[in-house]
Amino acid sequence: MSDHLSSPRALRDPTIDLTDLYFFPVPDVPGRLAVVVNVFPLAQPGAAFSDAVSYRLRLAPAETGADRVIRARRADQVTLDITFDDLDPATGSQAGLLRCGDTLTRFGTGDAGAVYSDQVSVFAGLRRDPFFMDVRREVETRATRRIAFTDPGTDAVAGQNVLSIVIELDAAHVLGVDRQPVWVVAAETVSQGAPSTRFERLGRPEVKNVLLSVNGNDTVNKTVDLRDLYNLEDVFAVNPAAEAYRSRLDANLAMFDELDGALAWPFPAGNHHPLTEMWLNDHLVLDTTKPFSERGYLDLERAALTGQSPTTCGGRWLNEDVIDLLYSVIVRGWDGPPIKDGVEHATIPALPKFPYLPAGNPNPPIADPAVPVGHD
Amino acid sequence: MTDLRPESAVRLPLCTSETITLSNLDLQLNNLRHWYAQTRRVDAGIQIVHGLLSRYSVSARDADLRHIEALTCALVEQAPEDPRTWMALAEVSAMRHRLADAGQALLTATANGAPPVEIAEIRADLLEAVGEHRAALEIRIANSGGLPPAQRLSRIACCQLALGAHHDAVAAFTSAIRTYADASPLPLGSMLFNWGHTWEHIGDRGRAALAYHAVIMYLPSHVRAHRALAECSMASGDPHYRRIVGATRHQANPDDPISLGQLGLSSTVDPPRVSPI
């Protein structure tokens, strides 16, 4: 389920569990960008951010390598750190701080605490989870090695909430006036203080839960859950020796390619799957100079790998059906007939205006508790 | 003597406040209770047990434990073939010091196919409860897959400490703290409480009090740490302990870490005044 419940550590503590990341130009406002990062799957009204965690957004200009893979230029990254104070018992809200270089922006949780300015706007608090997919059928697809989606499917996330951090920023002010067009973003939850521990990281949806999952294909690590190890890696400095991840991605991607009985991604033995390096550089990619598009996910990556021109700004908009796109690409290639999971949109889609996500559901449906609760 | 040199200090991690941790936990438990009431699914019931045990680790309310017991018995009755229900019963029985019942529940869990890794951890707990620290230590060292590294190392450290291997124990507990990679204070609180309890068990109330104090800094309402600290104070007659009890609440502040040096975790700690083993 996107990045919900995506590692043993995240399962133990929802405050560090990143669920989704979005990166898009603000609709109809040239020069302004939005980043949304969600945490805390199945959040109930009253759920709170941790006051010991830094919710970090790392943006960096990108370059396309000789292998046609888009990578972050780490040395030029811009970091946004969002932190929260303890719960105010009187109001049930939390004071928050956005730190970008030397610039500090104070805000509070909830609609009343949001701040709006020309340079940066911030909202943090309970919102409807904009993600949607048929989780049961996706799991069944991997387990049975056949496409198990139905039409219609069942949205496992319907009516659920997350804790959301929404940031709108003036691109010239935050990223620079003479910046190059293409930027990438990744999110992290890291411990405050020193030394700092990275609890989770997130770029694209389903990299950990689907593409790196243990599916019995990987001959190097047949049973090892790689996800917490993966979280420890710096997304902007992919370890050249990260063969465990490459092996898992190669094996799983080959399995997905075989789901429809046709070969979309041939690759010679001993080589890597043509998409492995793209997934391994796990961030969203956006052309910051192009206007908003409702369908941009993976478009810049596709253009780089195929040598074609991008048709959109890239990035990821809140209402995009990323599961359909993911399965279509990994099973049938960039241009094959689409695969649909039968869930085409969230119960209440996001709006094209800050803070974009619908207000939190005061009575979310009782959730299937796939989550271990508490621990000592 | 306890080494308080700054250069020996290993910083304890910053953790989420008790207020946020318990509030979020209660919200999750509420969801689970509704889910269990609707579906009677055993996995939901088991998760409620674990959540309530976490809650009880702080509150120490007898009513909470009675609730956990009742739920666990109901789960065993509902799904006697499910090893998880028997493992939960074993854990709860052990907390009630009904060690024979706990052992029997563990045998049934094993017969029903419980994962050996998880059985081993509970068996080691039972062995420790009856003073079989060496056997518990051997299980904990051999059982590498059951717990996150920090919690496993801290349990090994407590066994070593109880056996008189102080330097090894301190090294293991220091490693446990260094490898702690969670934002929640609940596992850390339990690690520190057990560390303090073991120091107290071998007669060093000074180091025990410092560990209990650290627990309270993370979890200000941790009832058992307050009680243990008060007992240390009464036993020693030293007002120093009273000052510790009255210390300020822990705030998440990166500039104000608790120094492990203050917990007697340097490699130069003295041998204990009483060595029971």
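Data for the structure
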read-out: Evaluation of residue B:224 against (1) of a type in the set (Lys, Arg); (2) open to solvent by 20 Å² or more (accessible area, probe 1.4 Å); (3) more than 12 Å from chain A (Cβ to nearest Cβ); (4) under 29 Å from residue A:10 (Cβ atoms) (one fails), failing number; value: (3)
read-out: Checking residue B:183 against (1) in a helix (DSSP H, G or I); (2) closer than 23 Å to residue B:13 by Cα; (3) open to solvent by less than 10 Å² (accessible area, probe 1.4 Å); (4) of a type outside the set (S, T, N, Q), the condition it does not meet; value: (1)
read-out: Given (1) assigned to a loop (DSSP other than H, G, I, E, B); (2) within 18 Å of the chain's Cα centre (by Cα); (3) of a type in the set (Lys, Arg), index of the condition residue A:56 fails; value: (1)
read-out: Residue count, segment A:30-42 (criterion: away from chain B (no Cβ under 14 Å) and surrounded by 16 or more Cβ atoms within 10 Å (Cβ to Cβ)); value: 7
read-out: Search result, residues across segment A:1-24 that are modelled with pLDDT under 90, open to solvent by less than 10 Å² (accessible area, probe 1.4 Å) and either outside any loop (DSSP other than H, G, I, E, B) or more than 14 Å from residue A:38 (Cα to Cα) (or both); value: A:7, A:10
read-out: Of all residues in segment B:191-204 being crowded, with 23+ Cβ neighbours inside 10 Å, assigned to a helix (DSSP H, G or I) and of a type outside the set (Phe, Trp, Tyr), the one that is nearest to the other protein chains (Cβ to nearest Cβ); value: B:191
read-out: Out of A:17, A:85, A:81, sole residue that is charged (D, E, K, R), out of contact with any Ser or Thr (no Cβ under 6 Å at 6 or more places or on another chain) and more than 9 Å from every other protein chain (Cβ to nearest Cβ); value: A:17
read-out: Subset of segment B:135-169 (residues that are of a type in the set (D, E, K, R) and open to solvent by 20 Å² or more (accessible area, probe 1.4 Å)); value: B:138, B:152, B:155, B:168
read-out: Unique residue being part of a loop (DSSP other than H, G, I, E, B), within 14 Å of chain B (Cβ to nearest Cβ) and either touching an Asp or Glu at 6+ places or on another chain (Cβ under 6 Å) or of a type outside the set (A, V, I, L, M) (or both) when the list is A:45, A:27; value: A:45
read-out: Qualifying residue in segment A:59-76 (condition: within 18 Å of the chain's Cα centre (by Cα) and within 14 Å of chain B (Cβ to nearest Cβ)); value: no
read-out: Subset of segment A:88-114 that is modelled with pLDDT of 95 or more and not in a strand (DSSP E or B) - its residue that is most open to solvent (accessible area, probe 1.4 Å); value: A:112
read-out: Residue A:192, sole failed condition from (1) over 21 Å from residue A:35 (Cα atoms); (2) more than 14 Å from chain B (Cβ to nearest Cβ); (3) surrounded by 16 or more Cβ atoms within 10 Å (Cβ to Cβ); value: (2)
read-out: Odd one out for residue A:27, checked against (1) touching a strand residue (DSSP E or B) at 6+ places or on another chain (Cβ under 8 Å); (2) at pLDDT 95 or above; (3) open to solvent by less than 30 Å² (accessible area, probe 1.4 Å); value: (1)
read-out: Selected residue (only one of B:109, B:44 is surrounded by 17 or more Cβ atoms within 10 Å (Cβ to Cβ), in contact with a Pro (Cβ under 9 Å, 6 or more places away or on another chain) and within 14 Å of another protein chain (Cβ to nearest Cβ)); value: B:44
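Yes/no per residue for (1) open to solvent by 10 Å² or more (accessible area, probe 1.4 Å); (2) at pLDDT below 90; (3) basic (Lys, Arg):
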{"site": "B:55", "(1), (2), (3)": "yes, no, yes"}
{"site": "B:71", "(1), (2), (3)": "yes, no, no"}
{"site": "B:78", "(1), (2), (3)": "yes, no, no"}
{"site": "B:91", "(1), (2), (3)": "yes, no, no"}
{"site": "B:100", "(1), (2), (3)": "yes, no, no"}
{"site": "B:113", "(1), (2), (3)": "yes, no, no"}
{"site": "B:117", "(1), (2), (3)": "yes, yes, no"}
{"site": "B:121", "(1), (2), (3)": "yes, yes, no"}
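The values are calculated or read from the model by the stated rules, or taken from the named source; none is laboratory data. Keep in mind the model is a prediction, meaning the values are calculated, not measured. For neighbour counting, all protein chains shown are included, and Cβ atoms are generated from backbone atoms with ideal geometry for every residue, glycine included. Ligands, DNA and RNA are excluded from the accessible area calculation, which covers all protein heavy atoms including side chains. Shrake-Rupley method; radii C 1.70, N 1.55, O 1.52, S 1.80 Å.
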